[in-house]
Amino acid sequence: MPLLINRQPAANDSWTLVNEETLSSTGGDIIVPLALLEANADSLQDRKGRVAVQINGDDNIDALLENPNQYELIAIDFPVFRDGRGFSLARLLKRAGFEGQIRATGDVAHDRLTFMERCGFNAFEISEERYSDESLAVFTEVSVRYQGAADDPRPVYHR
Amino acid sequence: MYQYNEVDQKLVDERVEQYRDQTRRYLAGELPEDEFLALRLMNGLYVQRHAPMLRVAIPYGLMNSAQLRKLAHVARKYDRGYGHFTTRTNLQLNWPKLEEVPDILAELAEVQLHAIQTSGNCIRNTTTDHLAGVNVDEIEDPRPYCEIIRQWSTLHPEFAFLPRKFKIAVTGGPQDRAASQVHDIGLHIVRNEAGDVGFEVLVGGGLGRTPVIGKQIREFLPKEDLLSFLEAIIRVYNLNGRRDNKYKARIKILVQAMGIDKFRELVEAEWAEIRDSELKLPETEISRVQNFFKPFEYDSNAADDAVDTLLAENNDFRVWYERNTVAHKVSGYRVVVVSLKPYLKPAGDMTSEQMEAVADLAESYSFGEIRGTHNQNLVLADVKKSDLLAVWQVLADNNLARPNIGTLADMTVCPGGDFCALANAKTLSVADRINEKFEDLDYLYDLGDIKLNFSGCINACAHHHVGNIGLLGVDKKGEDWYQITLGGRDDEQAALGKVLGKAVSAEEVPNVLEKVLNVYVEHRNEGESFIDTFQRIGLATFKENVNATAH
């Protein structure tokens with residue numbers, strides 16, 4: 001699946017998103033949904049390869065916000081594009097001091113990338129049929145912004 | 001009024017090109033239907049019964065002559081020569097072509113207009129008092145805060161996919177002419193005991209399927225904290241509002257389910273995190289925006305008695321003056337309400353020629369500005385009394401001076417089943433029936449102030465729940481029926497109307513209204529308005545009498 005990191009197509013991504021069935025059989029670096037990760041916390045500790053977490057709007061992320069930098073990557077899932085909770089989740093992670101990669105997964109495409117980036121996302125997993133090289137140009141479509149966000153907290157009158 | 005700087009202009013220009021590209025990709029089949037739907041809605045474009053409908057934003061209802069002329073031009077060039085003013089003080093075009101919308105938006109951008117966030121599940125056009133800045137009761141002009149909210153909410157990256165639409169209204173004093181208590185957030189400018197000016201904040205009001213009066217979440221919010229508090233409310237809503245059922249997705253449902261105290265607790269906790277951030281509004285920014293709304297340089301020689309002789313001589317002019325003009329805080333001036341409720345024409349509709357006539361009047365007599373009201377009329381807010389006769393004559397020549405403001409004939413009516421794909425029933429033909437029945441102006445004047453609000457479906461675009469008399473179109477086995485409610489009001493004493501009885505047919509609506517009005521006339525005390533009589537005698541008296549005469 002095409003992946004953009006910092007506005008560039010990323011090759012050689014080492015991360016694999018797992019689910020309940022593929023968790024034990026997948027080697028290397030894995031992204032584990034929060035509920036699955038909590039249920040398998042012990043066995044994951046002995047694992048080779050890095051572990052990242054995936055969250056969505058239904059998860060309670062209070063504990064994660066206490067210590068987000070235990071992960072170098074946190075994925076936020078968009079089950080459908082209309083589910084805008086992920087935008088706020090990213091902002092909460094940034095506010096909690098998270099410094100790693102925030103990756104948008106799920107129903108992610110072109111016309112939402114700029115808003116996502118402004119909220120703190122820097123990686124975007126886009127399905128094959130929705131990806132085109134034009135997606136790279138989307139970040140500069142609207143070059144001015146009124147309000148502050150995770151990218152730049154200053155409103156227009158402080159810039 | 002606010003004037004765009006380079007940043008403002010660039011934003012709307014780039015937004016137009018972005019939308020042009022989105023439309024191109026949609027027409028080329030590269031953009032799925034439902035994703036384009038979300039994008040076009042955030043640019044004001046619906047697909048309606050016969051054609052697309054484009055809703056152009058008129059931020060807090062304020063526009064200048066050049067903008068109104070441009071709207072007239074757009075309506076003529078891309079549509080059928082008319083537009084429709086809504087209760088959110090926006091302008092709807094009913095017949096644009098989807099592929100021409102980018103061109104329309106580009107033309108609008110030339111005069112600092114846009115259609116951004118006039119629809120979709122995002123923060124919509126902020127509305128306010130149509131008498132802002134010219135009424136005596138005001139603590140402060142609310143419009144600068146509306147503009148500050150407009151800028152903060154425009155393309156807000158976090159709040160473009162809220163659970164549901166989100167509407168904010170701001171009032172500047174104790175009187176509420178913006179229906180603020182039935183908004184997702186209502187902001188009231190107030191003065192606290194220390195004499196500081198800030199906001200009382202209401203949350204969780206709304207109409208539609210589940211009408212609710214907003215609840216106070218904060219008694220006093222310092223001005224500087226306006227944006228951080230709004231952001232805290234909307235973040236809590238974005239994270240916690242229901243997304244499984246669009247009829248339960250508005251913030252009012254969340255506040256009801258959680259209880260205002262628990263909701264307040266969450267908001268306060270979130271607010272504590274961001275209150276002392278860059279969201280704090282500096283005094284310099286508030287005054288920068290306030291400078292755009294400074295009072296005009298009024299003529300200090302304008303005579304307060306300038307029209308007294310004319311009023312005595314010309315009865316038609318006097319009637320119009322009494323009904324369609326309002327006191328102005330400056331001596332020698334008057335506020336003119338342009339009636340968009342001519343006899344047997346759709347409420348809120350305006351032809352391009354009428355728009356141009358009003359644009360010219362504003363330029364000649366009212367400092368070049370025009371306002372929309374949430375009752376679908378326009379306002380020329382700063383007319384010298386000595387100019388009133390000239391203004392009246394032009395308005396009358398253009399069928400814009402029917403002296404009916406505030407009367408039963410000043411109905412607020414949505415386009416209904418003739419245009420809207422959501423509607424359950426037609427509204428326009430029934431509004432005509434009501435107009436025909438109550439044509440006699442002397443009778444209307446005798447009835448005094450009555451707000452009649454008429455929605456074609458439960459989405460309540462015409463605010464029927466808060467009409468003194470509310471009409472709601474319902475569909476019964478393919479036929480149009482109408483439910484009548486009484487006792488609603490949308491002012492500072494906001495209340496929801498109560499159902500009078502079973503829904504009635506289109507033919508019966510005027511007759512039942514007549515019975516309702518007869519009950520009022522019979523029971524009113526000297527000088528008592530319909531709504532006051534209703535509140536004194538209660539629904540039961542109306543029910544008894546209306547049903548008794550039905551048999």
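Things worth noting here:
- Options B:Ala381, B:Ala390, B:Ala347, B:Ala359; residue that is touching a strand residue (DSSP E or B) at 6+ places or on another chain (Cβ under 9 Å), outside the structural domain of B:Lys451 (by TED's automatic domain parsing) and assigned to a helix (DSSP H, G or I): B:Ala359
- Among (1) more than 30 Å from A:Arg82 (Cα to Cα); (2) crowded, with 23+ Cβ neighbours inside 10 Å - the single one B:Glu140 does not satisfy: (2)
- In segment A:52-159, counting only strands (runs of 3 or more DSSP E) that sit wholly within it, the ones holding 3 or more residues that are in contact with a strand residue (DSSP E or B) (Cβ under 7 Å, 6 or more places away or on another chain), at pLDDT 95 or above and not small (Gly, Ala, Ser) span A:73-78, A:101-106.
Residue by residue, here is whether (1) more than 20 Å from B:Phe454 (Cα to Cα); (2) out of contact with any Lys or Arg (no Cβ under 8 Å at 6 or more places or on another chain) holds:
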{"site": "B:Gly497", "(1), (2)": "no, yes"}
{"site": "B:Glu508", "(1), (2)": "no, yes"}
{"site": "B:Glu526", "(1), (2)": "yes, yes"}
{"site": "B:Ile531", "(1), (2)": "no, no"}
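So that you can scan it fast, the table gives a plain yes or no per residue for (1) within 26 Å of B:Leu254 (Cα to Cα); (2) within 14 Å of another protein chain (Cβ to nearest Cβ):
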position: B:Arg124; (1), (2): yes, no
position: B:Thr127; (1), (2): yes, no
position: B:His130; (1), (2): no, no
position: B:Ile139; (1), (2): no, no
position: B:Ile149; (1), (2): yes, yes
position: B:Phe161; (1), (2): yes, yes
position: B:Arg164; (1), (2): yes, yes
position: B:Ile168; (1), (2): yes, no
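- Residue within segment A:110-122 that is away from every other protein chain (no Cβ under 11 Å), more than 23 Å from B:Asp244 (Cβ to Cβ) and of a type in the set (Phe, Trp, Tyr) present: no
Listed here are the residues, each with its yes/no results for (1) surrounded by fewer than 17 Cβ atoms within 10 Å (Cβ to Cβ); (2) in a helix (DSSP H, G or I).
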{"residue": "B:Gly473", "(1), (2)": "no, no"}
{"residue": "B:Glu514", "(1), (2)": "yes, yes"}
{"residue": "B:Leu517", "(1), (2)": "no, yes"}
{"residue": "B:Gln535", "(1), (2)": "yes, yes"}
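Matching residues to (1) surrounded by fewer than 24 Cβ atoms within 10 Å (Cβ to Cβ); (2) in contact with a helix residue (DSSP H, G or I) (Cβ under 8 Å, 6 or more places away or on another chain); (3) outside the structural domain of B:Lys345 (by TED's automatic domain parsing); (4) under 20 Å from B:Thr154 (Cβ atoms):
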site	(1), (2), (3), (4)
B:Leu62	no, yes, yes, yes
B:Ser65	yes, yes, yes, no
B:Ala72	yes, yes, yes, no
B:Ala75	no, yes, yes, no
B:Gly81	yes, yes, yes, no
B:His84	yes, no, yes, no
B:Leu91	no, yes, yes, yes
B:Leu98	yes, yes, yes, no
B:Asp103	yes, yes, yes, no
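The values are calculated or read from the model by the stated rules, or taken from the named source; none is laboratory data. Since we're looking at a predicted model, the values are computed, not measured. Note: ideal-geometry Cβ built from the backbone for every residue, glycine included; neighbour counts use all protein chains shown.
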